[in-house]
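Undergrad: Please see the structure below; I have some questions.
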Amino acid sequence: AAAGRVFQFRDARWAPDPVLAPGAAVRTPQPVPLVIDNGSFQTRAGWASADPAGCVDHPIVLTEAVCNPLYSRQMMSELLFECYQVPKVSYGVDSLYSFYHNKRQNWPCSGLVISSGYQCTHILPVLEGRLDAKNCKRINLGGCQAAVYLQRLLQLKYPGHFAAITLSRMEEILHEHSYIAEDYIEELQKWRSPEYYENNVHKMQLPFSNKLLGSTLTSEEKQERRQQQLRRLQELNARRREEKLQLDQERLDRLLYVQELLEDGQMDQFHKALVELNMDSAEELQSYISKLSLSVEQTKQKILQAEVNIEVDVVDSKPETPDLDPLGSEQSLEDVESINEFEPLFAEEQSEVEKPVAAVQPVFNLAEYHQLFLGTERIRAPEIVFQPSLIGEDQAGIAETMQYVLERYSKEQQAILVQNVFITGGNSMYPGLKARIQKELLEMRPFQSSFQVHLASSPVLDAWYGARDWAVEHMTHEEGWITRKDYEEKGGEYLKEHCASNVYVPIRLPKQPPRATEALAPSRVLASSTGNPCEQV
């Protein structure tokens, strides 16, 4: 049903979130934690209670990246404790929160988490309820790179709509019209069939205007626009006349000055001036003076007539023969020539020729011209997380990275991990992703071995819900919470581990050996004490 439809871009605009007053449920019997899922594309924040609202004198549960650098955590802890005076804070990994939120009754505590977000994709092994940070792997590809790749593909395909193909529209296409092919090569072969293409192509309608120039203008509006055009031409002609008059007047003054030299009997200077003017005799000089005087006088008359007849009554509305008789026959001919000369400047206004409506209809479908036909682009953009080489990235895809992580464990541990392959993250919402992961595992696992693949119930929000569940369960416990006392004693990089947190690796600075000068210091003091007291002073 969707194959023959044309989809409109929603072009959703971001609106500020409403500011809600804190309710009683967030403070009684004690302040509830504020849970913040800090993602690379969106940030999800809310109270760990049934009712909304907010202030800052509450415990904070904050997500962080896998293997987050100590310096980043130190800066965040310093901001929370020093600036906002929070009582305590807990850090956790978003994908692990989502993993534990979707944990069902018979799920094992171990598993392989595939988390694909906006900027990167992580493969996280979880053994016996704890993250094995040493074998975590990251792929620097996500939804952002897919959107940029799709934008480039469509801009090359439709260079006429280069500016209309924006990143926000590409993200909309990825979210609503793209899917993961179970077998990429086989799917491309299907798209080569014209019937398959017609049945599965999605047409995205770009905004456009089908308003034809002149089709909705009344005769009075056309007449007014024509008069405005003629006024503009008159202004151009008047400016040209003034410039011509100034040049002619300067030349005439120069020639009159040379004539005065002849009348004063200064023959040497007169002949020298004739040579500079490229003239041979006084008769030629007098002829040029007469012509320039006549031209200057005529130009002055035209300027005076144009100022008197500044308002022109247009009798004929047709643009081919404008009537400018009130300015004289010579001036009318000049304006007609100006119309022809400046016709490209007023192409939009002059296209309003009064012709039958059928004559100005375009020869092509204007709406179809502004449509983007999405064929193989629907699978090529999201495929980059499995084949980074499509965009020139020298990285391994999800399948190769999964196999690499699994091979770092024994066969028994591999069998435990693949029994709970969990997919989460905002970039994992493509249809067909679960089937593709199952196909890749089937190819890499031994014959007749079993595995299970699960998809998060809400890949975008499950991380926040998992952090909320953890905060509610551990609100009165000390496990996982970093208090202000811990921060002051152990530093901002300190981390209390829990089931969904990173592994804390403290900074261990090597002890420096004592300097040689320090070792010799006691002997020097002893030697000086046995010397002359005056020398000691």
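Undergrad: What do you get for chymotrypsin sites (Phe, Trp or Tyr not before Pro) in region 434-464 restricted to DSSP loop and a cutoff of at most 14 other Cβ within 10 Å of the site's Cβ?
TA: Phe447
Undergrad: Here's something else I'd like to know. So how do Arg130, Arg192, Arg408 rank on accessible area, 1.4 Å probe, biggest first, that is with the largest at the start? Provide the component values of the computation, followed by the final result.
TA: Values: Arg130 70, Arg192 175, Arg408 115 Å².
Correct descending sequence by accessible area is Arg192, Arg408, Arg130.
Undergrad: First select every other residue whose beta carbon is under 12 angstrom from the beta carbon of Asp469; then total the charges, Lys and Arg +1, Asp and Glu -1.
TA: Here the charged neighbours net out to 0.
Undergrad: Quick one: ranking Leu372, Leu34 by accessible area, 1.4 Å probe, largest first, what do you get?
TA: Largest accessible area first, the residues go Leu34, Leu372.
Undergrad: Mind listing the Cα extents of region 223-309 along all three principal axes, in Å, largest one first?
TA: Cα extents, longest axis first: 62, 21, 15 Å.
Undergrad: Excluding ligands, DNA and RNA, what is the solvent-accessible area per residue of region 223-309 at a probe of 1.4 Å, expressed in Å²?
TA: Counting only protein heavy atoms, the per-residue value for region 223-309 is 67 Å².
Undergrad: Under 25 Å between alpha carbons, and skipping anything fewer than 8 positions from Lys485 in its own chain: which lysines qualify?
TA: Lys88, Lys496
Undergrad: Between beta-carbons, use under 15 Å as the cut-off and find the net charge around Ala415, counting Lys and Arg +1, Asp and Glu -1.
TA: Residues close to Ala415 contribute a combined charge of 0.
Undergrad: Near Lys434, which lysines are there with a Cα under 18 Å away, not counting those fewer than 8 places off in the same chain?
TA: Lys103
Undergrad: Considering only protein heavy atoms, what is the solvent-accessible area of Lys190 at a probe of 1.4 Å, reported in Å² to the nearest 10?
TA: Using a 1.4 Å probe on the heavy atoms, I get roughly 80 Å².
Undergrad: Less than 9 Å Cβ to Cβ from Asp11, Lys/Arg counted +1 and Asp/Glu -1: what total charge do the surrounding residues give? Intermediate values should be presented prior to the final figure.
TA: Details: positive: Arg10, Arg13, Arg169; negative: Glu172.
Combined, the nearby Lys, Arg, Asp and Glu give +2.
Undergrad: Give a residue-ordered list of calculated ³J(HN,Hα) values for region 422-431 (Karplus: 6.51 cos²θ - 1.76 cosθ + 1.60, θ = phi - 60°; whole Hz; x for Gly, Pro).
TA: 10, 10, 8, x, x, 8, 9, 8, 5, x
Undergrad: So, with a 1.4 angstrom probe, what is the percent of accessible area on region 223-309 that is carbon and sulfur?
TA: Carbon and sulfur atoms account for 49 percent of the accessible area of region 223-309.
Undergrad: Using a/c under 1.5 as the rounded threshold, could you call region 384-493 rounded, prolate or oblate? The axes a ≥ b ≥ c are square roots of the C-alpha gyration tensor eigenvalues, and prolate needs a/b larger than b/c, oblate otherwise.
TA: prolate
Undergrad: Pop out the ³J(HN,Hα) list for region 248-259 in order, Karplus 6.51 cos²θ - 1.76 cosθ + 1.60 with θ = phi - 60°, rounded to Hz; leave Gly and Pro as x.
TA: These are the phi-based 3J(HN,Hα) values: 5, 5, 5, 5, 5, 4, 5, 5, 5, 5, 5, 5 Hz.
Undergrad: With the Cα gyration tensor of region 358-448 giving a ≥ b ≥ c as the square roots of its eigenvalues, does the rule (a/c under 1.5 for rounded; else a/b larger than b/c for prolate; else oblate) give rounded, prolate or oblate?
TA: Prolate, since a/c reaches 1.5 and a/b exceeds b/c.
Undergrad: Cα gyration tensor of region 53-163, axes a ≥ b ≥ c as square roots of the eigenvalues: rounded (a/c below 1.5), prolate (a/b > b/c) or oblate?
TA: It is oblate, given that a/c is not under 1.5 and a/b is not larger than b/c.
Undergrad: If eta is 1.306 mPa s and T is 10 °C, what Stokes-Einstein diffusion coefficient results for region 134-175, Kirkwood Rh from Cα pairs, in µm²/s?
TA: 139 µm²/s
Undergrad: If DNA, RNA and ligands are ignored and the probe is 1.4 Å, what is the ranking of Met444, Met279 by accessible area, most exposed first?
TA: The ranking, largest first, comes out as Met444, Met279.
Undergrad: Among all the lysines, which ones have a C-alpha under 20 Å from Lys244's C-alpha, if same-chain residues fewer than 8 places away are not counted?
TA: Cross-link targets: Lys291, Lys300, Lys302.
The values are calculated or read from the model by the stated rules, or taken from the named source; none is laboratory data. Quantities reported herein were computed from a predicted structural model and do not represent experimental measurements. In this analysis, Cβ positions are derived from the backbone assuming ideal geometry, glycine residues included, and neighbour counts consider all displayed protein chains. SASA here: full protein model, heavy atoms, side chains in, ligands and nucleic acids out. Shrake-Rupley method; radii C 1.70, N 1.55, O 1.52, S 1.80 Å.
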